[in-house]
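Heads up, the thing below is written out as structure tokens.
The values are calculated or read from the model by the stated rules, or taken from the named source; none is laboratory data. Please read all numbers here as calculations on a predicted model, not as lab measurements. Here the Cβ is made from the backbone with ideal geometry for all residues, glycine too, and neighbour counts use every protein chain on show.
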Amino acid sequence: MFPELNSILSRTPDSFIQGDFVLVSDRQADASFLVHHFLSFYLRARCQVCFLGLVQSFNHYSAISQRMGVSLAQAKEKGQLVFLEGLNESLSVLLPEESNTGSGVMDFLRDPAVGLRSLFQFVRVSLSRSAGSEEWGPPVLLVDDLSVLLSLGVSVDAVLDFSHYCRAAVCSQLQGNMVMLVRSDGEEEDGEDEGSERLLKGLTHQCDLTLHVQGLPTGYCRDIHGQVEVCLRRQGEGLNMQKKVFQYKVHDKGASFFARGTSSAVL
């Protein structure tokens, strides 16, 4: 969890907005450090978390969370965290003779035309059921990363439908929060990346807060890793959005954020 980012977003584990859909995106940069921030943030806030880890193993997320002072293993044992390890689930579908432990959540790998109904059902059941004997806070859905579904053959429309239904179930019905990561590695005008651009634009219209990570326009800098554009758009405000840009540097156990041009590296 990054205290400086909490200050920028005006939220803490003890005080945050419920019903928020947060979209994290990146272009020619890596925004995964923000996913780790939100994971530790909501676990510290004692929320019930459903994490769709589509690109990395549980051990990967657990090792990084451990450095940030959060134990994912303990959260799973207590029933606070439900973790879908997409890599293992995919193997259970693609190599059924090797493993019969799959839950059927990734059945769309056999036939992308069926859509993401099973994945949505997994999310809905995971966040609707009572988890253990402890009382947890609002439910939270985390996805890292949604755009990988496009490379698995799922259509943009199906992914947008999935996010829409998740938002209706988690944010509206259960008054919980969502954080989704999408990637767009191509140039904005590059027609070859049309699918990810359509997905990014569609999700931007659905969300309440966007954090867009990109590299520095001036190129590589050892002391500044990139910049984050923070855009807050509350429902009902239309095009009246609040936009701010911050530069950042990722450390071993966190990240630092500062206004453009105020880093000691450029002063």
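Specify which of the listed residues (Leu199, Leu181, Leu203, Leu216) is in contact with a strand residue (DSSP E or B) (Cβ under 9 Å, 6 or more places away or on another chain), in a loop (DSSP other than H, G, I, E, B), at pLDDT 65 or above and not aromatic (Phe, Trp, Tyr). I'd like the intermediate steps shown before the answer.
On the way: Leu199 fails: in a loop (DSSP other than H, G, I, E, B); Leu181 fails: in a loop (DSSP other than H, G, I, E, B); Leu203 fails: in a loop (DSSP other than H, G, I, E, B).
Only one candidate qualifies: Leu216.
Failed condition for Ser147, given (1) hydroxyl-bearing (Ser, Thr, Tyr); (2) more than 21 Å from Val35 (Cα to Cα); (3) at pLDDT 90 or above; (4) buried (at least 18 other Cβ atoms within 10 Å of the Cβ), with all others met?
(2)
So how many residues does the stretch 47-87 have that are on the phi > 0 side of the Ramachandran plot and modelled with pLDDT of 95 or more?
In the first step, residues of the stretch 47-87 are kept if they are on the phi > 0 side of the Ramachandran plot; the result is 69, 79.
Retained after the next criterion (residues that are modelled with pLDDT of 95 or more): none.
Number satisfying all stated conditions: 0.
Quick one: Ser90 ticks every box in (1) within 20 Å of Val179 (Cα to Cα); (2) modelled with pLDDT under 95 bar one, so which box is it?
Of the numbered conditions (1) within 20 Å of Val179 (Cα to Cα); (2) modelled with pLDDT under 95, the odd one out for Ser90 is (1).
Of everything in the stretch 130-166 that's of a type in the set (D, E, K, R) and out of contact with any strand residue (DSSP E or B) (no Cβ under 9 Å at 6 or more places or on another chain), which residue is nearest to Asp14 (Cα to Cα)? First the steps, then the outcome.
Pass one, the stretch 130-166, residues of a type in the set (D, E, K, R): 134-135, 144-145, 157, 161.
In the following step, the residues that additionally are out of contact with any strand residue (DSSP E or B) (no Cβ under 9 Å at 6 or more places or on another chain) were identified as 134-135, 157, 161.
Working: Glu134: 18, Glu135: 15, Asp157: 36, Asp161: 32 Å.
Looking at residues that are of a type in the set (D, E, K, R) and out of contact with any strand residue (DSSP E or B) (no Cβ under 9 Å at 6 or more places or on another chain), I get Glu135.
When you check Ser92 against the structure, is it under 17 Å from the mean Cα position of the chain (by Cα) and of a type in the set (Ser, Thr, Tyr), yes or no?
Numbers: under 17 Å from the mean Cα position of the chain (by Cα): no; of a type in the set (Ser, Thr, Tyr): yes.
It is false that Ser92 is under 17 Å from the mean Cα position of the chain (by Cα) and of a type in the set (Ser, Thr, Tyr).
Over 24 Å from Leu39 (Cα atoms), among the hydrophobic types (A, V, I, L, M, F, W, C) and in contact (Cβ under 8 Å) with a residue 40 or more places away in the chain: does that describe Val154?
So Val154 fits the description; yes.
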